[in-house]
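Heads up, the thing below is written out as structure tokens.
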Amino acid sequence: MNPKILLIEDDSSICDMTKMNLNMNGFQQVFCASSGEEGLTMAAQLLPDLILLDIMLPGIDGLTVCRNLKNTPSLANVPIIMLTAKGEENDIVLGLEMGADDYITKPYSSKILAARIAVQLRKKQAAGHAPRTIVLGPLSIDLTAHSVRLNGEPLLLTADEFKTLTLLASSPGRVFTRNQIIREVKGDHYSVTARAIDMHIVNLRRKCGDWADHIETIRGVGYRISGD
């Protein structure tokens, strides 16, 4: 496997150094874009296996780029790792809320970056062998198109709501704790509170209407989708 990696970074020296370090760590296909607009264009053309994304970009900022990528069906499942100097807790949470799969603050170790990339590529490969559609009665989740339909009508969800619903629907009847949902949706070591997960569930129930009763609260434990 020789994955294509797209680096969206406006600092040419950082681009060159990151590309060199990734080449030394075995990633030979690294492409660079110097702005948000160019990054979106190159992503659509290359269909990369993974995207490294800076937040502070000229023109379209990295958060907007991330949201646009996750809302593009052909790119929605491409892992995005944010590489940025913005390391405050609120910045990290916002980046993850926009759909980033990982978040690394500058300066960073080239070996750690390579390891994080390898983790995301393994996750993507494993997901590729999983069923591409989940159907529970009137609920249909298309994992390839990153879309949901309920009673035949499209259900408009945020990236995190989609991940949460997909996790619960993948194992009907299984109870997931809030911490398990956080780990599956956001990964390890992130400052995402249980309250944030509760809000995702509230929003999911509101959007699901009459079907919301299937998303059950297990008091003191977490949530499940009923297996009925």
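The values are calculated or read from the model by the stated rules, or taken from the named source; none is laboratory data. Being a predicted model, the structure only gives us computed values, none of them experimental. Ideal geometry is used to build each Cβ from the backbone, glycine not excepted, and the neighbour counts take in all protein chains shown. Just the protein is used for accessible areas: all its heavy atoms, side chains included, with ligands, DNA and RNA removed. Shrake-Rupley method; radii C 1.70, N 1.55, O 1.52, S 1.80 Å.
Taking N203, is it at pLDDT 90 or above and on the phi < 0 side of the Ramachandran plot?
On the way: at pLDDT 90 or above: yes; on the phi < 0 side of the Ramachandran plot: yes.
Here the answer is yes, as N203 does meet what is asked.
So, in the range 71-94, exactly how many residues are small (G, A, S), over 25 Å from A126 (Cβ atoms) and open to solvent by less than 10 Å² (accessible area, probe 1.4 Å)?
Here is the first cut: in the range 71-94, the residues small (G, A, S) are 74, 76, 85, 87.
From what's left, over 25 Å from A126 (Cβ atoms): 85, 87.
Next cut, open to solvent by less than 10 Å² (accessible area, probe 1.4 Å) only: none.
Here the count works out to 0.
Output the residue which, of all residues in the range 137-150 that are among the polar types (S, T, N, Q) and touching a residue at least 60 places away in the same chain (Cβ under 8 Å), is surrounded by the fewest Cβ atoms within 10 Å (Cβ to Cβ).
T144
Mind counting the residues in the range 71-103 that are touching an Asp or Glu at 6+ places or on another chain (Cβ under 8 Å) and in a loop (DSSP other than H, G, I, E, B)?
3
Scan the range 170-179 for residues that are farther than 18 Å from R132 by Cα and surrounded by fewer than 16 Cβ atoms within 10 Å (Cβ to Cβ) and jot them down. Show your work before the answer.
Within the range 170-179, the first condition is being farther than 18 Å from R132 by Cα, and the residues that meet it are 173-179.
Those that are farther than 18 Å from R132 by Cα and surrounded by fewer than 16 Cβ atoms within 10 Å (Cβ to Cβ): G173, R174, V175, T177, N179.
Which of the residues that make up the range 106-149 are outside any loop (DSSP other than H, G, I, E, B) and hydroxyl-bearing (S, T, Y)?
Result: S110, T133, S140, S147.
Would you mind telling me which numbered condition in (1) modelled with pLDDT of 85 or more; (2) crowded, with 16+ Cβ neighbours inside 10 Å S109 fails?
Of (1) modelled with pLDDT of 85 or more; (2) crowded, with 16+ Cβ neighbours inside 10 Å, only one is false for S109: (2).
Consider only pairs whose beta carbons are under 9 Å apart and that are at least six residues apart or on different chains; among these, list those whose first residue lies in the range 7-24 and is over 17 Å from L50 (Cβ atoms) and whose second residue is open to solvent by 80 Å² or more (accessible area, probe 1.4 Å) and not hydroxyl-bearing (S, T, Y).
Matching pairs, first to second residue: D10/M56.
Please go through the range 195-206 and give me each residue that is surrounded by fewer than 17 Cβ atoms within 10 Å (Cβ to Cβ) and either over 11 Å from E161 (Cα atoms) or touching a helix residue (DSSP H, G or I) at 6+ places or on another chain (Cβ under 9 Å) (or both), ordered by number.
Step one: list which residues in the range 195-206 are surrounded by fewer than 17 Cβ atoms within 10 Å (Cβ to Cβ), which gives 195, 198-199, 202-203, 205-206.
Once the filter is applied, which keeps residues that are surrounded by fewer than 17 Cβ atoms within 10 Å (Cβ to Cβ) and either over 11 Å from E161 (Cα atoms) or touching a helix residue (DSSP H, G or I) at 6+ places or on another chain (Cβ under 9 Å) (or both), the range 195-206 yields R195, D198, N203, R205, R206.
Output the number of the condition that R132 fails; it satisfies all remaining conditions of (1) open to solvent by 40 Å² or more (accessible area, probe 1.4 Å); (2) out of contact with any Ser or Thr (no Cβ under 6 Å at 6 or more places or on another chain).
(2)
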